[in-house]
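Asker: Encoded as structure tokens, here's the structure I'll be asking about.
The values are calculated or read from the model by the stated rules, or taken from the named source; none is laboratory data. Since this is a predicted model, take the numbers as computed values, not measurements. Don't worry about glycine lacking a Cβ; one is built from the backbone with ideal geometry, like all the others, and counts go over all protein chains shown. Ligands, DNA and RNA are stripped out before the accessible areas are found, and what is left, the full protein with its side chains, is counted by its heavy atoms. Shrake-Rupley method; radii C 1.70, N 1.55, O 1.52, S 1.80 Å.
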Amino acid sequence: VVLDRWIGFLKVAWLAVYTMCQFNGWILLSFQSSYVESRHFSILKRLQQAAIENGVFWGVVAVLFSVFLLVVLDRWIGFLKVAWLAVYTMCQFNGWILLSFQSSYVESRHFSILKRLQQAAIENGVFWGVVAVLFSVF
């Protein structure tokens, strides 16, 4: 019951602590170490040297991350193209099957619906069976 009252505050507090730790570890600490290791005597020159060093470091990180992201996106875009073409081909192939089945059904001379369906299935089964055999051979 007590935890239910404080759950919102605890989430915000955890986010604040986590963000500050990440900022301190990745940005502030590296900036401070560059400032301390600078060989200049004036505060302004030390700050400038630390900013340049950290800017170069984070610039290189940004370029590497961008290249990695572009490679990943390129591969995903290629995968999506292949998936789209496969789905498109399957839809077209199913359309061809349906059209040939409909034409066989319409051209059938039987009066019974079941006989027409059976005749269309036999004709198209033979045709698509031959197509499957030809594709498996080649």
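Asker: Cβ-Cβ below 6 Å, separation at least six or inter-chain, first residue in region 26-46 and without any contact (Cβ under 8 Å) to a residue 40 or more places away in the chain, second among the hydroxyl-bearing types (S, T, Y) and surrounded by 11 or more Cβ atoms within 10 Å (Cβ to Cβ): which pairs?
Answerer: R46/Y35; R46/S38
Asker: In region 38-50, is there at least one residue being in a helix (DSSP H, G or I), in contact with a Lys or Arg (Cβ under 6 Å, 6 or more places away or on another chain), open to solvent by less than 100 Å² (accessible area, probe 1.4 Å) and of a type outside the set (G, A, S)? Spell out the reasoning first.
Answerer: Taking region 38-50 and keeping what is in a helix (DSSP H, G or I), we get 43-50.
After this cut, where a residue has to be in contact with a Lys or Arg (Cβ under 6 Å, 6 or more places away or on another chain) as well, the list is none.
Among the residues of region 38-50, not one is in a helix (DSSP H, G or I), in contact with a Lys or Arg (Cβ under 6 Å, 6 or more places away or on another chain), open to solvent by less than 100 Å² (accessible area, probe 1.4 Å) and of a type outside the set (G, A, S), which makes the answer no.
Asker: When you check V72 against the structure, is it among the aliphatic types (A, V, I, L, M) and at pLDDT 90 or above, yes or no? Working first, answer last.
Answerer: Working: among the aliphatic types (A, V, I, L, M): yes; at pLDDT 90 or above: no.
No; evaluated as a whole, the condition is false for this residue.
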